[in-house]
1. Among the residues of segment 173-191, is any surrounded by fewer than 23 Cβ atoms within 10 Å (Cβ to Cβ), touching a Lys or Arg at 6+ places or on another chain (Cβ under 9 Å) and over 30 Å from GLU33 (Cβ atoms)?
2. Those residues that are in contact (Cβ under 8 Å) with a residue 60 or more places away in the chain and loosely packed, with under 14 Cβ neighbours inside 10 Å, I need them from segment 235-267; list them, please.
3. Counting just the residues of segment 85-115 that are touching a residue at least 40 places away in the same chain (Cβ under 8 Å) and part of a loop (DSSP other than H, G, I, E, B), which one comes out nearest to LEU50 (Cα to Cα)?
4. Restricting to segment 41-55, what's the tally of residues that are in contact with a Phe, Trp or Tyr (Cβ under 7 Å, 6 or more places away or on another chain) and either without any contact (Cβ under 8 Å) to a residue 60 or more places away in the chain or surrounded by 21 or more Cβ atoms within 10 Å (Cβ to Cβ) (or both)?
5. What are the residue pairs meeting all of these: first residue in segment 155-175, first residue in contact (Cβ under 8 Å) with a residue 40 or more places away in the chain, second residue of a type in the set (Gly, Ala, Ser) and not in a helix (DSSP H, G or I), Cβ atoms under 6 Å, and 6 or more apart or on different chains?
6. Which residues, taken from segment 65-84, are more than 18 Å from TYR214 (Cα to Cα) and not in a loop (DSSP other than H, G, I, E, B)?
7. Being of a type in the set (Gly, Ala, Ser) and either part of a helix (DSSP H, G or I) or surrounded by fewer than 17 Cβ atoms within 10 Å (Cβ to Cβ) (or both) is the filter here; which residues of segment 216-234 pass it?
8. Within segment 243-269, count every residue that is among the charged types (D, E, K, R) and more than 20 Å from VAL175 (Cβ to Cβ).
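What follows is calculated from the coordinates using simple rules that are stated; it is not laboratory data. Note that the coordinates shown come from a computational prediction; the quantities given were computed from them, not determined experimentally. Glycine gets a Cβ as well: all are built from the backbone with ideal geometry, and neighbour counts include every protein chain shown.
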Amino acid sequence: MTRTRLFGAALVLSAAVSSGAGLLLPASAAATEPPAATGSVLTGVDDRSLHLDGVVNARDLGGYRTADGRIVRSGKVFRTAELGRATDADLNALTGHDVRVVDDLRTSFERAASADRVPAGATANWDDIIGGDPAIVLKSFSAGPDLYRAFITEAGANAGFASVLRDVVDTDGAVLYHCSAGKDRTGWMSAVLLTLLGVDRDTVNYDFLLSNFYRNAPAGDAVNGVTQPELDAAFDQVDRSYGSFDNYLHEGLKLTDGDIAALKAKLLR
């Protein structure tokens, strides 16, 4: 199946979307160090990486301990940048990881500029998160806190993020989701899922900031990487719009208690 939403012609503005996968720093730049790991980080950065040749910021979302002592399973959910440059070896590797669903969070312009290569046997779904409002697309030029607030307030965003979570529940195999660089839309999707599972905020921040390491982006660079105030803005907007994260899950994303229980049953051990 493919889920789509229609939106305006202003999408051409997203040609320079801040999440563009082509904005990596040159290889000659000094290597970026990973953020300091919390006590709930159980998987090292090398083990977490999918080690793909043509896809940046490709990693496993598992290997974190929750506040109640459980562990997020590895091999069930992957986050990456866009798959347009995936090599044949990359696709074979994703097939080997049992990827059955690929959820694309990009706009139509981004998809036209770099169409995904999908591993054999996987279903491709499209959930445009930011394309519905030209003002939001403009914000994406420089990322920043306003873009992250839009992940909560933009009309189509909730439905898109919720669709990915339901795919995780319904898929017999692994789910991979991505935007262009795998850092902004993908970063918030990951923060939502880890928080839902009971991972503490400091560890959620760690996973978010790992994009700087995998993309070799210096601290404070919101174009090539991510910054902590961006993620803080999204969580703050959740509280402003819904009063609590739990209300966001139920009222914003329209998840039921059964959906949440199913996600925990599938992803926690």
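1. Checked against the condition, which is being surrounded by fewer than 23 Cβ atoms within 10 Å (Cβ to Cβ), touching a Lys or Arg at 6+ places or on another chain (Cβ under 9 Å) and over 30 Å from GLU33 (Cβ atoms), segment 173-191 yields at least one hit.
2. Across segment 235-267, the qualifying residue is only LYS254.
3. HIS97
4. Looking only at that region, the number is 3.
5. GLY156/GLY132
6. Of everything in segment 65-84, those that are more than 18 Å from TYR214 (Cα to Cα) and not in a loop (DSSP other than H, G, I, E, B) turn out to be ARG65, ILE71, VAL72.
7. Listed by number, the residues that qualify are ALA219, GLY220, ALA233, ALA234.
8. 3
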